[in-house]
Amino acid sequence: MKGWRGLRIELWVEPRGGAPAVNPVMERLFGRLRELGAETSVRVPERELIDPMRFAAEPPPDLVLLKTVAAVGLSQAIADEAAGGRFLNGAQATWRAQDKAAAVARLAAAGLPVPATWLRDGGQAEAAVVADHPGEWVSKPVFGIHGHDVVFHAAFPGADDVPAPSGGNGCYVVDDGTRLIQQRIGGDAPDVKVYVADGRCFAGRKRFGAGSFATDVVEGMALDRATTDLVLAAGAALELRCYGVDLRCSGKDSVIVDVNPFPGYRGFPEAVPALMSEIERCLWGPVS
């Protein structure tokens, strides 16, 4: 019997609508932890006054579930991790994965399929670039979240086609105006969203929209072996244990269009046991 009683487990999240963003799957997960005797708490680092060196005077929690990708939360997590704090996912890995430009480059370096991608901070694309890349494109913030400021383009966008940052993400995620410009794969078809925990994949189709991240409606689906291997390889390339992968289809092949560290697993309450296994792995090591 593992010693859950008295363990301190925190969930770090962003704010949403003036309250911590805790969805039904996370509520169920924390309910299970409390049943076992763990002490749980939810924190929004951006709403707190935090001493970065507090662990010199107080012990860290036994584990933090790092669901936030907001700037202050990630910065604090990196400092805490260096001071001995334990995170799921690791703070450094989360920071690197949240940088969409770096993540695309790492996925490509691992030989995984990603869309044709350009990185731009203002400036007009050369005519040769536009001519050599016909078709639809999408632009998105490098440190984007929840689909904020994602724009679809009928052709490779010029400088005037990419709007300035709206500043309205409400999640304390910094947007410096740099944009990832990617070839749009699959047209108007729904995204294939795959959530991973404990090496298990929970997959479904969900149509992208401004508020789609906050809905639990997803059309469950099974993955073939090749797609499962692709998704697991993405996690390995980015050093993530709990993550989400957005896929689009180009002909018969799947292409990775986004990877999100610690998603909400919305629509998949059956992921709770897998998340519990990940927590056990962090606390006590892999089961032999």
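The values are calculated or read from the model by the stated rules, or taken from the named source; none is laboratory data. Quick caveat: nothing in here was measured; it's all calculated off a predicted structure. Virtual Cβ from ideal backbone geometry, glycine too; neighbours counted across all protein chains shown. Heads up: the accessible areas ignore ligands, DNA and RNA and are worked out on the full protein's heavy atoms, side chains in. Shrake-Rupley method; radii C 1.70, N 1.55, O 1.52, S 1.80 Å.
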*asked:* I need to check one value: relative contact order of the chain, counting alpha carbon pairs closer than 8 Å and at least 6 residues apart, in percent.
replied: 19
*Suppose R0 equals 25 Å; then what is the FRET efficiency for Asp198 and Gln92 from their Cβ-Cβ distance, rounded to the nearest 0.05?*
0.75
_Show me, for the range 251-257, the HN-Hα J-couplings you get by feeding each phi into the Karplus relation (A = 6.51, B = -1.76, C = 1.60, θ = phi - 60°), rounded to Hz, glycine and proline as x._
x, 9, 9, 8, 10, 7, 9
_What distance in nm lies between label points placed 7 Å from Cα along the C-beta direction at Ala82 and Ala109?_
2.1
*asked:* Given the options Val138, Ala105, Leu33, identify the residue whose Cα lies farthest towards the positive end of the charge dipole of the chain (+1 on Cβ of Lys, Arg; -1 on Cβ of Asp, Glu).
replied: Leu33
_Normalised contact order of the range 1-151, rounded percent, pairs of Cα under 8 Å and 6 or more residues apart_ = 19
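Taking all protein chains in place and a 1.4 Å probe, what share, in percent, of the accessible surface of the chain do carbon and sulfur account for? Provide the component values of the computation, followed by the final result.
Details: 7180 of 13400 Å².
Here it works out to 54 percent.
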*Using alpha-carbon positions, what is the distance between the centroids of the range 37-53 and the range 224-239, in Å?*
32
_Dipole in debye (nearest 20) - the range 48-113, about Cα centre, beta carbon charges: Lys, Arg +1; Asp, Glu -1_ = 380
*Surface accessible to a 1.4 Å probe, per residue, for the residues of the chain, Å²*: 47
*Which value, in debye to the nearest 20, describes the size of the charge dipole of the chain about its Cα centre when Lys and Arg Cβ atoms bear +1, Asp and Glu Cβ atoms bear -1, and nothing else is charged?*
720
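Thr215 to Ser277: extension gain in nm, 0.36 nm per residue of separation minus the Cα-Cα distance?
Working: separation 62, 0.36 × 62 = 22.32 nm, distance 2.51 nm.
Length gained between Thr215 and Ser277: 19.8 nm.
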*For the range 135-288, what relative contact order do you get, as a whole percent, if you take Cα pairs closer than 8 Å and at least 6 residues apart?*
20
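Stretched out fully, how many nm does the piece from Ala56 to Arg8 gain, at 0.36 nm a residue minus the Cα gap?
15.5 nm
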*Tell me, what is the FRET efficiency for Asp253 and Glu27 to the nearest 0.05, using R0 = 45 angstrom and their Cβ-Cβ distance as r?*
0.75
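Just from its helices, what would the mean residue ellipticity at 222 nm be for the chain, if runs of 4 or more DSSP H residues each count -39500 (n - 2.57) and the sum is divided by every residue, rounded to the nearest 500 deg cm²/dmol? Walk me through the numbers before you get to the answer.
Details: 7 runs with 75 residues, N = 288.
Result for the chain, helices only: -8000 deg cm²/dmol.
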*Amide proton proximity set for Leu7, modelled H, under 5 Å, gap of 5+*: Glu39
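Write down the percent of antiparallel bridges among all DSSP beta bridges whose residues are both part of the chain, to the nearest 5.
75
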*In nm, give the distance between the simple-model label positions of Asp161 and Asp99, each being 7 Å from the Cα along the Cα-to-Cβ direction.*
2.8
*Please give every one of the lysines within straight-line cross-link reach of Lys100, meaning a C-alpha to C-alpha distance under 22 Å, and leave out same-chain neighbours fewer than 8 residues apart.*
Lys67, Lys140, Lys193, Lys206
